[in-house]
1. For the range 84-99 and the range 1-73, what is the centre-to-centre distance using only Cα atoms, to the nearest Å?
2. In whole Hz and in residue order, list the ³J(HN,Hα) couplings for the range 29-36 that follow from phi through the Karplus curve 6.51 cos²θ - 1.76 cosθ + 1.60, θ = phi - 60°; x for Gly and Pro.
3. Quick check for me: using +1 on Lys/Arg Cβ and -1 on Asp/Glu Cβ, what's the dipole size of the chain about its Cα centre, in debye to the nearest 20?
4. When the Karplus curve 6.51 cos²θ - 1.76 cosθ + 1.60 is applied with θ = phi - 60°, which whole-Hz ³J(HN,Hα) does each residue of the range 68-81 get, with x for Gly and Pro?
5. In whole percent, what relative contact order does the chain give with Cα contacts below 8 Å and a gap of six or more residues?
6. Using amide H atoms built 1.01 Å from N in the peptide plane, name the residues 5+ places from G101, or on other chains, whose amide H lies under 5 Å from its own.
7. Using 0.36 nm per residue, how much length does the chain from T4 to E39 gain when fully extended, once their Cα-Cα distance is taken away?
8. Starting at the first residue of the range 42-56, write each ³J(HN,Hα) from the Karplus equation 6.51 cos²θ - 1.76 cosθ + 1.60 with θ = phi - 60°, in whole Hz, x for Gly and Pro.
Amino acid sequence: MRITDGVFISANGESQIALTVGVAVSWWSRFLGLMGRCELPGIDCLRFDSCSSIHACFMRMKIDVVYLDEQNTVMKLTRELRPWRTSFCFGAETVLEFSAGRLEKLGIVEGWTFK
């Protein structure tokens, strides 16, 4: 997993939220994702590029999920996805996984941009 910085910018540009992002780049890190974890390992979210669906199999915690289009605009939010469930968004290019409840605390909504 590679660590990088990211920023969510509100649709009107007035709000910005800085994040530490883990990027699942290898086949193995994409396969493992957050399986077996009770919390995110020192990051705010985990990013999967070229991805439009996720599963929560073998996960021990609920997660919030953000789907981004090819311009990195938020297309869909899934809150508190429970273990052993799936979620998808047709047309998404990137998926971000957060700890459950984090999207509510951050105030991220559809239409925001991630850079």
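Nothing in this text is a laboratory measurement; each read-out follows from the coordinates by a stated rule. For clarity, every value in this text was computed on a predicted model and none was experimentally measured. Note that each Cβ is placed from the backbone with ideal geometry, even for glycine, and that neighbours are counted across all protein chains shown.
1. 9
2. 5, 5, 5, 6, x, 10, 4, x
3. Numbers: 13 positive and 13 negative charges, 98 e Å.
Dipole size: approximately 480 debye.
4. 10, 7, 5, 9, 6, 9, 5, 9, 7, 10, 10, 9, 6, 5
5. Numbers: 274 pairs, mean separation 32.7, N = 115.
So the answer I get is 28 percent.
6. Excluding prolines and chain starts, which carry no amide H, the hits are D64, E80.
7. On the way: separation 35, 0.36 × 35 = 12.60 nm, distance 1.83 nm.
10.8 nm is the gain from fully extending T4 to E39.
8. Here the 3J(HN,Hα) series is x, 10, 7, 7, 10, 9, 10, 7, 6, 9, 10, 8, 9, 10, 10 Hz.
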